[in-house]
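Novice: Mind having a look at this structure? Questions to follow.
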């Protein structure tokens, strides 16, 4: 991606987790850590967005929150995952909401806008479980050809970088409401995304002011890592351990123990992104799903394997042990540069 | 009464003006195939980017905060509003190469927000303006159907078209569509969406792309999202007559509304649909007070807050294409020529290209003749006058009852000038009076948007 070099560097700096222990940022953010100073992963339950889920969706989400789950991931089962996540935002108080949604066969501008809108609506509880679609049935729905695995990985990294540029295009204090000068916002506190990749470009700025978290946490599930590719996985904020509930509570616990012990140096081994989330898949809606999850959550928490129950009002970055994402202003992209230029020439 | 063949109506509320506009019978005053329902439905448009929402008052709420949207929609649902509308932003509006700083700007994605609002409401419709040029039909159809299912059949789609390359800079295809093709393209787009909603196999080979897909979601309680259309040009009207359930119109005056109704009915019948198949909702701003005199004062106060000195200069700069900041807003219009190649640059929807040289000359003469300074002139030019629906509670209620009796409109799409409290006086004072006059529902007719707009089942 040929984004202005300084920008890319600055922009990716706060979220690079590939070769540094993350304990410092975790401690700074006040996230839970164990006796060894390791950040504990947040427990998530995956809901597949099938139409059959509609009747029980609200009750299920509230029940899972009450059962001590820290986040809900929404996997695409037909209903649009971002819409379902957004629908759950006012129905819940503290759980993180992470749609697992495709970066490839979408408009990057729309995707970035939808995700940052979810962050506004949920008061900073939004995250993105980045998926790179490889199902050959999907590209023809948008009139495109299926990309190779290599192209897919490249595009996933480009879309992730573009999304962050869109998210970071308004400063926190850009809406000034200066009645004296008649200014609703200050254009000098906005910047163009100016994201130029091989297959798309996005001019920006965002049509949405900066969202509560600024940059949403972007995670990659282990099952998606191959398609997402190394670059996007490395650029993401962390990895997600996937565990099938059907394997039973002991298997879940043992998988988590292995994952945690496998990275003694603060979870972030060489080339290994930090483990931020453990995602329980295969929730059986017919077999007391709330009871099952509640017992499991209590067990894992007592064993010191997962982060504490999230508190309302704390954003997802903090829950996940990520440092806040400050706005990085790039003078080259500032949105009032036309005005500056015209003044210089005058 | 000028229309000789229209018998004296039994409805005593009709004014001389209304009788003069009627050309048919008492049952069919406007068109022989159109029977007025005598009922009005209200929608509310939370505009986002625009110049009519006042942000300078202490009670002006946050334009992006969830609480603002939740508060407004709860008031609207208390007032039995049929629908809540959100606009779509595709690029931040610019003025002379810089994002336009004087008006409200920046908004959340419409459907993402409506999906959340569906969770805190139970009856009101949820309508998103969505563009056919910079969306993919299957992706958009699936999102709309998701919203329709999440809300139990309350989703609506306001179909709009755009074609400029400036907007396209944010999207994969860029500025790929010619202006002339925008409705042909939109119609093909809607056809693909409808196939998706019917759960069909889609095999579309179009001028701009091919689509292979299959609808996989169940039908919603209303069958499919309700279709709205905003284009009032002849091409837009024909598109609406063939495709839409509701058309927005800019025609709020009684005579213009009657003409527009007649035109839509003719086109709808010609398209082989029922004369009442397309509902008409003009966009409207409502300014109310206890008395007529107070309402007049209030509308002047609202205009002053909407168009301040900075907005007035910016409006002229848009046509002059140059910096006019040295001119006094209280003085005459600028006597400098426009920079023709600079003016008329895209500022997003609602800002039309103009022949700058001729226009600025005409404007100077017009303002001089009327003795208007820049500020006064700008307030008039931005539609800043006493609106159709400004007045005392009773006067506005009477006027709307007359629109309903004549069948000129099916309701209004109201743009509040204040967020989020801008509907309070409408819901507390106007709606009860409309209900007393029997032209506004006492309660929701049903659970779906179609039902609450009075549209027949699909």
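Derivation of every value follows stated rules applied to the coordinates shown; laboratory data play no part. None of the values given here were measured: they were computed from a predicted structure. Note that we place each Cβ from the backbone using ideal geometry, even for glycine, and neighbour counts take in every protein chain shown.
Novice: Compute the acute angle (0 to 90°) between the alpha-carbon long axis of helix A:249-261 and the principal axis of greatest extent of the alpha-carbon atoms of chain A; round to the nearest 10°.
Specialist: 50
Novice: If we count other beta carbons within 10 Å of each Cβ, what is the order of B:335, B:304, fewest first?
Specialist: The fewest-first ordering by Cβ neighbours comes to B:335, B:304.
Novice: Residue by residue through B:117-124, how many Cβ atoms from other chains fall within 10 Å of the Cβ on average?
Specialist: 3
Novice: Right, here's the next one. Please determine, in degrees from 0 to 90 and to the nearest 10, the orientation of helix A:225-235 with respect to the longest principal axis defined by the Cα atoms of chain A, where the helix direction is its Cα long axis.
Specialist: With both axes taken from Cα atoms, the answer is about 50 degrees.
Novice: Roughly how many whole Å is it from the C-alpha centroid of segment A:304-338 to that of segment B:117-195?
Specialist: 31
Novice: Work out the FRET efficiency for residue B:62 and residue A:199 from their Cβ-Cβ distance, taking R0 = 41 Å, and round it to the nearest 0.05.
Specialist: E(calc), rounded to 0.05, equals 0.65.
Novice: May I pose another question? Please compute, for peptide A:89-101, the average count of beta-carbon atoms on other protein chains lying within 10 Å of each residue's beta-carbon.
Specialist: Average per residue, whole number: 1.
Novice: Give the peptides B:360-371, B:191-202 in descending order of average Cβ contacts within 10 Å, highest first.
Specialist: Numbers: B:360-371: 13.5, B:191-202: 18.7.
Output ranking for B:360-371, B:191-202: B:191-202, B:360-371.
Novice: Right, something else. Roughly how large, in nm² to one decimal, is the mean projection of the convex hull of the alpha-carbon atoms in chain B?
Specialist: Quarter of the Cα hull surface area: 22.3 nm².
Novice: For q values of 0.10 Å⁻¹, compute log₁₀ I(q)/I(0) with the Debye formula on a Cα-only model of segment B:101-188, without solvent.
Specialist: Values, matching the q order: -0.31.
Novice: Averaging sequence separations of C-alpha pairs under 8 Å and six or more residues apart, then dividing by the length of segment B:109-267, give the relative contact order as a whole percent. List each step's numbers first, then the result.
Specialist: Details: 243 pairs, mean separation 32.4, N = 159.
It rounds to 20 percent for segment B:109-267.
Novice: Then there's this: With all distinct Cα pairs included, what does the Kirkwood hydrodynamic radius of segment A:42-337 come out to in Å, to one decimal, could you say? Before the final figure, lay out each step's value.
Specialist: On the way: mean 1/r = 0.0504 Å⁻¹.
Final number for the Kirkwood radius of segment A:42-337 is 19.8 Å.
Novice: Label points 7 Å out from Cα along the Cβ direction at residue B:37 and residue A:314: separation in nm?
Specialist: 5.1
Novice: Related question: With the crude spin-label approximation of a point 7 Å out along Cα→Cβ, what separation in nm comes out for residue B:291 versus residue A:177?
Specialist: 3.3
Novice: Here's a follow-up. Between segment A:180-215 and segment B:320-337, how far is it from one alpha carbon centroid to the other, in angstrom?
Specialist: 30
Novice: Just the number, please: percent antiparallel of the DSSP beta bridges in the protein assembly as shown, rounded to the nearest 5.
Specialist: Details: 15 of 78 bridges.
Of all bridge pairs located within the protein assembly as shown, approximately 20 percent are antiparallel.
Novice: Could you tell me how many cubic angstrom of Cα convex hull volume the protein assembly as shown has per residue?
Specialist: Per-residue hull volume (Cα only) is 162 Å³.
Novice: Working only with C-alpha atoms, what are the Rg and Dmax values of segment A:115-270, expressed in angstrom?
Specialist: Calculated on Cα positions, Rg and Dmax stand at 19.4, 64 Å.
Novice: For a Förster distance of 35 Å, can you work out the FRET efficiency between the beta-carbons of residue B:380 and residue A:338, rounded to the nearest 0.05?
Specialist: Calculated value: 0.75.
Novice: Mind checking B:135-147 for the average number of partner chain beta-carbons within 10 Å of each residue's beta-carbon?
Specialist: Taking all residues of B:135-147 together, the mean is 5.
Novice: Do you know the relative contact order of chain B, to the nearest whole percent, from alpha carbon pairs under 8 angstrom that are 6+ apart?
Specialist: Rounded, it is 23 percent for chain B.
Novice: A further question follows. Need one number: nm distance between label points at residue A:299 and residue B:191, each 7 Å from Cα along Cα→Cβ, rounded to one decimal.
Specialist: 5.7
Novice: Apply 1/(1 + (r/R0)^6) to the Cβ-Cβ distance of residue B:395 and residue B:421, taking R0 = 25 Å, and write down the FRET efficiency to the nearest 0.05.
Specialist: Details: r = 22 Å, r/R0 = 0.89.
Efficiency at R0 = 25 Å is approximately 0.65.
Novice: Show that you can apply the helix-only estimate: for chain B, add -39,500 (n - 2.57) for every DSSP H stretch of four or more residues, divide by all residues, and state [θ] at 222 nm to the nearest 500.
Specialist: Dividing the helical sum by the residues of chain B leaves -10500 deg cm²/dmol.
Novice: Quick check on packing: order A:281-290, A:210-219 by the mean number of other C-beta atoms within 10 Å, highest mean leading.
Specialist: So the peptides A:281-290, A:210-219, ranked by packing, come out A:210-219, A:281-290.
Novice: Please work out the Cα center distance from segment B:238-317 to segment A:95-124, rounded to the nearest Å.
Specialist: 34
Novice: Calculate log10 I(q)/I(0) of segment B:133-226 for q = 0.18, 0.24, 0.25 Å⁻¹, where I(q) comes from the Debye formula with a single equal point scatterer on each Cα and nothing for solvent.
Specialist: -0.82, -1.20, -1.25
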